[in-house]
1. Can you find a residue in the stretch A:48-63 that is assigned to a helix (DSSP H, G or I), buried (at least 19 other Cβ atoms within 10 Å of the Cβ) and either under 34 Å from the mean Cα position of the chain (by Cα) or not assigned by TED's automatic domain parsing to the domain that holds residue A:275 (or both)?
2. From the set of residues in the stretch B:98-127 that are at pLDDT 90 or above and over 22 Å from the mean Cα position of the chain (by Cα), which is nearest to residue A:2 (Cα to Cα)?
3. Residues being more than 10 Å from chain A (Cβ to nearest Cβ), surrounded by 17 or more Cβ atoms within 10 Å (Cβ to Cβ) and either out of contact with any strand residue (DSSP E or B) (no Cβ under 8 Å at 6 or more places or on another chain) or in a helix (DSSP H, G or I) (or both): count how many of those fall in the stretch B:36-50.
4. When the residues of the stretch A:264-306 are narrowed to those that are part of a loop (DSSP other than H, G, I, E, B) and out of contact with any helix residue (DSSP H, G or I) (no Cβ under 8 Å at 6 or more places or on another chain), which ends up farthest from the other protein chains (Cβ to nearest Cβ)?
5. So is residue A:216 in contact with a helix residue (DSSP H, G or I) (Cβ under 9 Å, 6 or more places away or on another chain), at positive phi and either at pLDDT 90 or above or within 14 Å of another protein chain (Cβ to nearest Cβ) (or both) or not?
6. Within the stretch B:172-195, does at least one residue satisfy the condition of being surrounded by fewer than 14 Cβ atoms within 10 Å (Cβ to Cβ) and over 19 Å from the mean Cα position of the chain (by Cα)?
7. Just the residues that are under 21 Å from residue B:122 (Cα atoms) and either without any contact (Cβ under 8 Å) to a residue 40 or more places away in the chain or part of a helix (DSSP H, G or I) (or both), please, taken from the stretch B:189-212.
């Protein structure tokens, strides 16, 4: 068979299998709906995670390290340390706050101006506010950076106030794991749904399969239309899942936006982007194909002409 | 062409369909397998088409012992045999043309060639112009002729038929048998299982008479 004829035959089978699905629209839609819901659930979790990450893009600020220098450190020494820290790959910015500036700010915002006048000397040290690079904004990265800063001469103390962010990141990590598990399980579910639908289809077309085998059809030839059906079921389910997620995003983006505004945030719930949507469709088609391949291989082999 | 050598066939139910059957059919023969129901006619055809395997003994079809054909080779082997059934085994949800084209599609024949050969096969059985009809729209005799067209469209060297006239009236039966004779006249080896002795008498071809799973009588070619 020529290459052209081979592809023409496949295209014919592809369209033919779509026609068979269209012949039973209600049953096919039911199957696609079940597949769609199974895909939509982990997809929603993924979307929540993506949005949580998006909302937290400024969180590395929360990991800022306040580096208090020794009282003896001069302004020049402080700036040298700042320059050194800026040269590190895991540091994105360093702000220098010299003791007089710190005192002035404290006087302005604390309301203890009169009390400060009573002090004989400025009790505040020179301070560096170190913002880690985004890649280093993890508990482990921060710990490494903190240790490196403490090793510098002239540094007295390093303070991080990031416990809440760590908790939040831990929750996101947990959610990510749950999403992965749910995605895996529901992916297997999609395969089983597609496989079971194809199994029933095979049983319904038993006579046809017997005839095909009698006139010389190989298992591969007989299996082909069922594999394409599996792909169609998967793609249909994937499209429904995308539609469900789009509806869910549209339904809750308004209330979420209002809530965010109450907290002074401009956060907006983002839907799925095109590349992700294409990946979802491809994965759905692949799962449909895999489920149908497993079912078709097993059941078609068992059918023989009598 | 076909050789059975002390062939036994016992089904899982315990029924012994064939008990030491031996015969030889030469290339280009027209042979009738006959005998009462349960004599083993269908079992012989099933062994020829590799629908069943012998319990014991040797079956040779073409130049190959069927025992040497593994599961993967069965499909290719069956493409060399045209099979006609009593119930014609047509796909009733597909047009006549698609039914006849099936062996060619499976064999990967180009579409244009398929169309040409389907029309030729339907012409041979007197159904040219019925390509788009559904089998349900045809009479029993026409349906059987569609089955025959499907069996011969791939130009197999061997044509086997299991009670092909079982559901037909005498006139249609004769018509179908004449078709087999015509294919035999152009060199196709034809083996027909039938219990219709009256019909066989009109062709004077070779007979293998079976009884209780054994060859009772063989007439020479």
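1. Here is the first cut: in the stretch A:48-63, the residues assigned to a helix (DSSP H, G or I) are A:48-55, A:59-62.
Restricting the remaining residues to those that are buried (at least 19 other Cβ atoms within 10 Å of the Cβ) gives A:60.
Restricting the remaining residues to those that are either under 34 Å from the mean Cα position of the chain (by Cα) or not assigned by TED's automatic domain parsing to the domain that holds residue A:275 (or both) gives A:60.
Yes, the conditions are met somewhere in the stretch A:48-63.
2. Only one residue tops the list, namely B:113.
3. 7
4. Restricting attention to the stretch A:264-306, the residues satisfying the condition of being part of a loop (DSSP other than H, G, I, E, B) are A:264-273, A:303-306.
Among the residues that remain, those that are also out of contact with any helix residue (DSSP H, G or I) (no Cβ under 8 Å at 6 or more places or on another chain) are: A:264, A:273.
Details: A:264: 65, A:273: 42 Å.
So the residue we want is A:264.
5. Values: in contact with a helix residue (DSSP H, G or I) (Cβ under 9 Å, 6 or more places away or on another chain): yes; at positive phi: yes; either at pLDDT 90 or above or within 14 Å of another protein chain (Cβ to nearest Cβ) (or both): yes.
Yes: the conditions hold for residue A:216.
6. no
7. none
Yes or no, residue by residue, for (1) more than 30 Å from residue A:139 (Cβ to Cβ); (2) touching a helix residue (DSSP H, G or I) at 6+ places or on another chain (Cβ under 9 Å):
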residue: A:164; (1), (2): no, yes
residue: A:167; (1), (2): no, no
residue: A:175; (1), (2): no, yes
residue: A:179; (1), (2): no, yes
residue: A:197; (1), (2): yes, yes
residue: A:240; (1), (2): yes, yes
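The values are calculated or read from the model by the stated rules, or taken from the named source; none is laboratory data. The structure displayed is predicted, hence computed values, not measured ones. Positions of Cβ are backbone-derived with ideal geometry, glycine not excepted, and every protein chain shown enters the neighbour counts.
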